[in-house]
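To start, the structure itself, in structure tokens.
Computed from the coordinates by the stated procedures, all read-outs in this text should not be read as laboratory data. Just so we're clear, the structure is a prediction, and the values are computed from it rather than from any experiment. A quick note on method: Cβ atoms are made from the backbone with ideal geometry, for glycine too, and the neighbour counts reach across all protein chains shown.
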């Protein structure tokens, strides 16, 4: 089935994407450690945001799920199991599993809360005493990627629900005193165009990372991007074959980094410097400190290191902090530059 789908809708290879290194790095690090908290990608129209996000989902290794389960439940990880699977295991049922591609779920702009969270069939519950649940997009996205294009145009109430689920890893639906809870662990990826309005600061702060995308100005690089895209559109299969080796290499690097992650250490003095930077920049709360530590560890694992060093922190800290700075309309420099200046002072 997957092979047929791939033939019908081939996906542009992630390693064939030219430029946009900041966006690519943010996505890779969130895939290595989903607890970083997702990424908000803001940038000009037509800069390949959607293409890149679909490409990272296609690159990832298949995951093992319990067959015929609505929530992509893990067979052995208790935190990634639905209540139905837990009950089956407690009753010593023999569960079968299957391999599926990492779910990539798009949230349409006009989605309702029911479409996002799922619905409980009240009539069936009252008449038959059975909890009947029609899963929403949060169920389908469990253990995958949930992509919201134009997130800055999405209703704030839905953004709140998304961010709560992404942070807690669970979705709870309550209707008429009946409650159903299911695992909902996913990498939340939002994208938008700043010309169409910014997200409220308290919502923006909940995204782990913030990547800024600019239109490439260099003429030769623009030609390279156009040629790469044209080649793919004309013959997708040969383009996919051309980048097959690079794709497999990156996939293996990500798998290795995921297994290394738990053993990565970060020196106490470096943690102090990260918090010092957050303090100087007047970052509210401790999310900035926590996310920078996580992202630095994920980057160290990606580099196949055992310990985080100063260069790892420098590589990720702007992505983790630029959207947490208080906006000052009189500022002449952008927040990313401001972060870089303080980082250079403290980590030089």
- [ ] For the chain, set up a Gaussian network in which alpha carbons nearer than 10 Å are linked by springs, and say which option among 243, 12, 299 fluctuates the most.
- [x] 243
- [ ] Multiply the residue gap between residue 112 and residue 196 by 0.36 nm, knock off their C-alpha separation, and tell me the result in nm, one decimal place.
- [x] 28.1 nm
Task: Projected label distance in nm at residue 176 and residue 224, using a 7 Å step from Cα toward the beta-carbon - done: 6.1
Task: Label-reachable residues, the range 263-289, where backbone N falls under 12 Å from a point 7 Å from residue 337's Cα toward its Cβ - done: none
TODO: Just rank 204, 221, fewest to most, by other beta-carbon atoms within 10 angstrom.
DONE: 221, 204
Task: Ascending count of other beta-carbon atoms within 10 Å, so fewest first, for 239, 244 - done: 244, 239
TODO: Output the antiparallel fraction of DSSP beta bridges having both residues in the chain, as a percent to the nearest 5.
DONE: 40
Task: Simple label model, 7 Å out from Cα along Cβ direction - residue 345 to residue 251, nm - done: 4.7
Task: Residues 51, 112, sorted so that the one with the fewest Cβ neighbours within 10 Å comes first - done: 112, 51
